[in-house]
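The values are calculated or read from the model by the stated rules, or taken from the named source; none is laboratory data. Note that the coordinates shown come from a computational prediction; the quantities given were computed from them, not determined experimentally. With ideal geometry, Cβ positions are generated from the backbone for all residues, glycine too; neighbour counts draw on all protein chains shown.
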Amino acid sequence: MSDTKSPLSPHLSIYRWPITMTLSILHRVTGVAMSVGLIVLCAWLMSAAAGAADYERVVSLLSTMIGKLMLIGFSFAFFFHLANGVRHLVWDVGYGFEKYQANASAWFVLLLAGGMTAAFWMLL
Amino acid sequence: MVRAVIGGRYDGSVLDVAVNAGTRHFVAQRVTAIILIFLGLWFAISIIGIDVFAHGVVVTFVADPLNVFLLTLLTMTLAYHSYLGVQVVIEDYVHANGFKVASLIASRLAHVLIAIALIYSIFKIGLDA
């Protein structure tokens, strides 16, 4: 009990939330969000199939402030889940498990996803 | 790759029907993920390349035979990957047995319906144009 070198269980008052935990949660959240987003993708394609009038209606709905925010959210979810998914695939083949590597790839994925989202909307 | 993850239980038959359901889920999730890397990026770039606000432009894009094929592959892979993911989330967070089974069935039904609606829309545009 007097061995101060042995690790202590998380000391909540001084515990620093690791970035890797944020990404782990975000991967799930963005995945579930995009499962809901499938309904929007479906509405978009169905309205395109239904004709110009219906398509205009859906596009104008998606062009509202809430619609745009939702689409920006979905696009970030897409690019984040894509980039972090590749990070997971790299882990699956056995690379990148060192703590510094996992932290570095976490920040890289976050910046890449943000950058891709920004680039997508600037180019659209 | 698979050997490292399932350790000692690896029986050498990754895509064989004899492997357990957990391994098949794992493999299917990864295979669909790899397909979606390419098709997802293709879709994002395609959307940038066309005027998505113009109905005629979108219909012309979807109706292209190659795009009918790629969009069908994309949306079906999306639906499958989504189904696999939602299944894991339900299994992780829904513990009451009856509600868990009901949620899994509801998710499967919803994903099948979405897949049908997506494929119907793509083919309707492809055949109309």
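Worth pointing out:
- Odd one out for residue B:24 among (1) within 13 Å of chain A (Cβ to nearest Cβ); (2) at pLDDT below 95: (1)
- Residue B:119 vs. criteria closer than 14 Å to residue A:35 by Cβ, more than 9 Å from every other protein chain (Cβ to nearest Cβ) and at pLDDT 95 or above: no
- Out of A:83, A:53, A:77, A:104, one residue alone is over 12 Å from the mean Cα position of the chain (by Cα), surrounded by 13 or more Cβ atoms within 10 Å (Cβ to Cβ) and modelled with pLDDT of 95 or more. It is A:104.
- Test: residue B:109 is more than 10 Å from chain A (Cβ to nearest Cβ), at pLDDT 95 or above and farther than 23 Å from residue A:29 by Cβ: yes
- Out of B:100, B:124, sole residue that is part of a helix (DSSP H, G or I) and surrounded by fewer than 16 Cβ atoms within 10 Å (Cβ to Cβ): B:100
- In region B:47-95, the residues that are within 9 Å of chain A (Cβ to nearest Cβ), closer than 28 Å to residue A:57 by Cα, of a type outside the set (A, V, I, L, M, F, W, C) and touching a residue at least 40 places away in the same chain (Cβ under 8 Å): B:75
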